[in-house]
Amino acid sequence: MGALRTPREKWVEQALQALAAGGIDAVRVEALAKALGVTKGGFYGYFTDRDALLEAMLEAWERESVDDVLDRIEREGGSALDKARLAGQLTFSGDRLLSVDLAVRDWARRDEAVAERLRRVDNRRMQLLRDAISTRCSDPEEVEARSLLAFCAAIGNHFLAADHPGQTRAQVLARAGDLLLQPPGDTAR
């Protein structure tokens with residue numbers, strides 16, 4: 001996130017925070033204005049209606065969760081596997097981006113346009129996983145299966161309440177990642 005934000009960016013950021021905290025129904029112009037300490041009228045200087053704000057929110061989420069992440073992993077460098085791991089950490093480990101991502105997933109269950117945007121975002125993320133896993137595995141079907149499992153672990157981990165006797169969740173996830181990324185036939189621990 002940048003230094004000073006324009007008022008439009010503040011509306012979008014406040015709306016993303018509301019989405020993350022309470023779902024799409026919490027994104028209400030009156031509530032956003034109150035949280036920002038401004039009048040509702042200021043909203044209409046930037047947006048024609050709530051739908052325009054919702055579109056701006058989705059654009060900001062996609063840019064931040066995919067474009068900015070991809071830019072950062074390219075700057076950081078490393079192998080395709082390093083890049084995939086960093087992308088996962090940036091997207092699914094931090095509170096802010098993770099909470100917005102999960103809220104968008106919930107919203108997409110009820111809105112086909114949001115579902116289509118989520119599909120586009122997830123396809124870009126899956127391609128990053130395919131590129132990484134294909135450096136270890138040449139079978140396209142296995143690459144796809146491993147990519148799916150890795151993505152499901154990254155998202156599903158936040159919905160799973162199970163305990164892991166003798167291990168932390170982080171340890172189990174690290175081991176799962178190692179298993180998914182090891183070359184086929186490699187049983188080394």
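A few notes on this one:
- Where helices (runs of 4 or more DSSP H) fall entirely within the stretch 67-180, those with at least 3 residues that are buried (at least 17 other Cβ atoms within 10 Å of the Cβ) are at 80-92, 95-108, 112-133, 140-156.
- So R63, is it within 27 Å of F151 (Cβ to Cβ) and either β-branched (V, I, T) or out of contact with any Leu (no Cβ under 8 Å at 6 or more places or on another chain) (or both): yes
None of the figures in this text is laboratory data; all of them are computed from the coordinates on show. The shown structure was predicted, so the numbers you read here are calculated from the model rather than taken from an experiment. Glycine also receives a Cβ, built like all others from the backbone with ideal geometry; neighbour counts cover every protein chain displayed.
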